[in-house]
Amino acid sequence: MNRATANSSGGSAKTVPGSIPAETGNSHPLLVVRGLSVRLPGGADRSHAITDFDLDIAPEELVCLVGASGSGKSVAARAIMRLLPESAVRIEAGSILFRGRDLAGLSPKALREVRGAEIGMIFQEPMTALNPLMSIGRQIEEGMSVRGIGDRRSRRRRALDILDEVHLPDPDAIYHSYPHQLSGGQRQRAMIAMALVLEPKLLIADEPTTALDVTTQATILDLIDELRRKHKTGVLFITHDFGVVSEIADRIVVMRDGRVVETGSRNEVLSAPRDEYTKRLIEAVPGARRRPVNVMNDNPVLRLSNVSKSYSRHGFLSLKRKEHFAVSNLSLSVRPREVLGLVGESGSGKSTAARIAMRLTDADRGQVFLSSEDISALHGRRLRDRRNAFQIVFQDPIGSLNPRKRVGDIITVGPMLHGATRDEAESLTEEALGLVGLDKNVRRRFPHEFSGGQRQRIALARALVMRPKVLIADEAVSALDVLVQAQILDLLCGIRDKLDLAILFVTHDLRVASEICDTIAVMEKGVLVEEGPTAEIFDAPKHPYTQKLLNSIPGRQWFAHGTTNQD
């Protein structure tokens, strides 16, 4: 299904804040939110998370709630579900009418009857929302069991049916699997199955595709679109990405600092945005700009030669071991001042290749060269002595920064382990913080006191303080909103030029790769299938898999090289 085409008929009707668009064909909205204000505790950066918030959703309508981190969109969703920690963050004013009932005044018992059965929710990170100790089948059945729906056999049959409906392969195997045994896309589809098993009338999806690769993302978007039409479910889809919005939205609501700044049909907002903040969000969609070709020399600073890595694992309900190649005969190189994008879906082997390049994982075969030195066989102190030359920045900075350490201590430990004195390390730390655009006074604070973008800058400073020759960025911007993402990409390019860095940029998002990378290497199932200059890969992809990835980019028909195009 072409999602934009499917929704294009809904783009012409005029809407105003709080109105129901004519294209929904239903004058009775599912949800009517009026004047909703949520107060934050004392000491927060503002008094209210959301102020005077209005929202309507009709049956079968998909409304996208859009804004950068901190805009209040997730707080609005949790307020509608009454999932806020109300002792600290409380609804101060307004009404939340769902099918005529004001959720703001319901008792906890009445709310439990509404949640799941009438309003379902899909969270951004399924691994934190799914119980790691329960099989997927049991978790899907739990909502039915709590409400006394059916017997054990009928609940199992319903769970298998919904797993099939969300297009998960081998529903019986998935039913018996635990969350850690599934891929990111499979876990997200399992979450959707849990949210839809009771056939709710309203579905709230909070950033459900943010960290997924483009093909999985396209599958999830198509799935949500298909299921809401099949079940006539209203959908509130929360996102920061106008590329995704352009694919699925009937109507768009834009939030900034807790307030709605613009609303309208998809065509109205994308073609003629009125608010400057909306324009900034649209301009920040990755892939809308290309950087000039960089000048590089021909001597690689990092080279992988015929690298392979396999894992053995048991098949499901089988004692027979199967060999799985995460990386097979991979050869690639990165030159000083070059940004090489290693792209592919989840499971393509790109992160394994990055870990081999960092010597965090040993290859079964092949060699890793740092400049002209073969470091494949180095271990212990000899390897540690080379560590300052190649550093890595991970996807999740909060998971890679010690929460009990102050920022200054986190950054200085690297130089001190390599022989620097405390004074020398602190001087290097101040310099690294300056490179990433942070004040030296942040050294006294803890990681949790910063935003996601600031934490990623801290992680980058920790890497750069070692003055590496090679920087490996493993999905370093995939979890950030588009405005912060654009800042980090600009920052990386500036640092690359200042320090003559070679950057191996691992990403599933070809839009991001097109903005920062000089060269792109495409991996599929552990194999390098295509490599070339960024412009060549985007304008004339040769391999069918590369073509598939490019065709899955959300919003490609709207956003192209800085212009906005209508279908």
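Since every read-out is calculated from the coordinates, none of them should be taken as a lab result. Keep in mind the model is a prediction, meaning the values are calculated, not measured. Because the Cβ atoms are built from the backbone with ideal geometry, glycine has one as well, and the counts that use them run over all protein chains shown.
I want to make sure I understand the PRE zone here: with the label point 7 angstrom from the Cα of F325 toward its beta carbon, which residues in the stretch 361-383 have backbone N atoms less than 13 Å away?
364-366
Quick one: D490, D257, fewest Cβ neighbours within 10 Å first, how do they rank? Mind dumping the intermediate values first?
Numbers: D490 14, D257 17.
Ranking D490, D257 by Cβ neighbours within 10 Å, fewest first, gives D490, D257.
So how tilted is helix 482-499 from the main axis of the chain? Cα-based, degrees 0 to 90, rounded to 10.
On a 0 to 90 degree scale, this one is about 10.
Would any residue of the stretch 517-532 have its amide N under 19 Å from a label point 7 Å out along Cα→Cβ of S310? List them or say none.
524-528
Give me the extension gain from E199 to L97: residue separation times 0.36 nm, minus the current Cα-Cα distance, reported in nm with one decimal.
Length gained between E199 and L97: 34.8 nm.
Under the 0.36 nm per residue contour assumption, what length would be gained going from the current alpha-carbon distance of R444 and R384 to full extension?
Full extension from R444 to R384 adds 18.8 nm.
If each residue's Cβ is checked for other Cβ atoms within 10 Å, how do K525, K350, K309, K405 rank with the fewest at the top?
K405, K525, K309, K350
Restricting to the chain, compute how many DSSP beta bridges are antiparallel as a %, nearest 5.
Numbers: 46 of 83 bridges.
Of the beta bridges lying entirely in the chain, close to 55 percent run antiparallel.
Hey, how many Å between the Cα centroid of the stretch 494-544 and the Cα centroid of the stretch 404-434?
Taking the Cα centre of each part, the stretch 494-544 and the stretch 404-434 sit 32 Å apart.
Could you work out how far apart the two model spin labels at V529 and A377 are, taking each label as a point 7 Å from the Cα in the direction of the beta carbon, and quote it in nm?
The answer from the label model is 3.6 nm.
Spin-label point model (7 Å from Cα, Cβ direction): what's the R147 to D497 distance in nm?
With each label point 7 Å from Cα toward Cβ, the separation is 5.7 nm.
Does the stretch 181-306 come out rounded, prolate or oblate by the C-alpha gyration tensor, with a ≥ b ≥ c the root eigenvalues, rounded set by a/c under 1.5 and, if not, prolate when a/b is larger than b/c and oblate if not?
It comes out oblate by the Cα gyration axes.
At D490 and Q181, where each label point lies 7 Å from the Cα along Cα→Cβ, what is the point-to-point distance in nanometres?
It is 4.8 nm.
If you take the square roots of the eigenvalues of the alpha-carbon gyration tensor of the stretch 388-468 and sort them as a ≥ b ≥ c, do you get rounded (a/c under 1.5), prolate (a/b over b/c) or oblate?
Because a/c hits 1.5 or more and a/b exceeds b/c, the stretch 388-468 counts as prolate.
Which whole-number percentage describes the relative contact order of the stretch 409-567, with Cα contacts under 8 Å and a sequence gap of 6 or more?
15
What relative contact order, as a whole-number percentage, does the chain give when Cα pairs under 8 Å and 6 or more residues apart are counted?
Values: 1133 pairs, mean separation 92.0, N = 567.
Result for the chain is 16 percent.
Write out the trypsin sites (Lys or Arg not before Pro) in the stretch 119-167 meeting two conditions: DSSP loop, and at most 14 other Cβ atoms within 10 Å of their Cβ.
R147
At 222 nm, what value in deg cm²/dmol follows for the chain if DSSP H runs of at least 4 each add -39500 (n - 2.57) and the sum is divided by all its residues, to the nearest 500?
Details: 22 runs with 204 residues, N = 567.
It comes out at -10500 deg cm²/dmol, rounded to the nearest 500.
Set the Förster distance to 51 Å, then compute FRET efficiency between L106 and R406 from the Cβ-Cβ distance, nearest 0.05. Numbers along the way, then the final one.
Numbers: r = 44 Å, r/R0 = 0.86.
Computed FRET efficiency for L106 and R406 comes out at 0.70.
Considering only C-alpha atoms, what is the centroid distance from the stretch 210-232 to the stretch 41-69, in Å?
22
What fraction of the Cα pairs in the stretch 130-194, stated in percent, has a spacing above 16 angstrom? Show your work: numbers first, answer last.
Working: 753 of 2080 pairs.
That fraction is 36 percent.
Among R511, R82, rank each residue by its count of other Cβ atoms within 10 Å, from fewest to most, as a rough exposure measure.
So the residues, fewest neighbours to most, are R82, R511.
For the chain, take the longest principal axis of its alpha carbons; what is the angle in degrees between that and the long axis of helix 452-464, to the nearest 10 within 0 to 90?
Here the helix axis deviates by roughly 10 degrees.
How much length is gained if the chain between H167 and R229 is pulled fully straight, taking 0.36 nm per residue apart and subtracting their Cα-Cα distance, in nm to one decimal?
Using 0.36 nm per residue and subtracting the Cα-Cα distance, I get 20.7 nm.
Using alpha carbons only, how many degrees (0 to 90, rounded to 10) separate the axis of helix 136-146 from the longest principal axis of the chain?
Roughly 20 degrees, rounded to the nearest 10.
Using only alpha-carbon positions, what ratio does the radius of gyration of the chain give when scaled by 2.2 N^0.38 Å?
My calculation over the Cα atoms of the chain gives 1.01.
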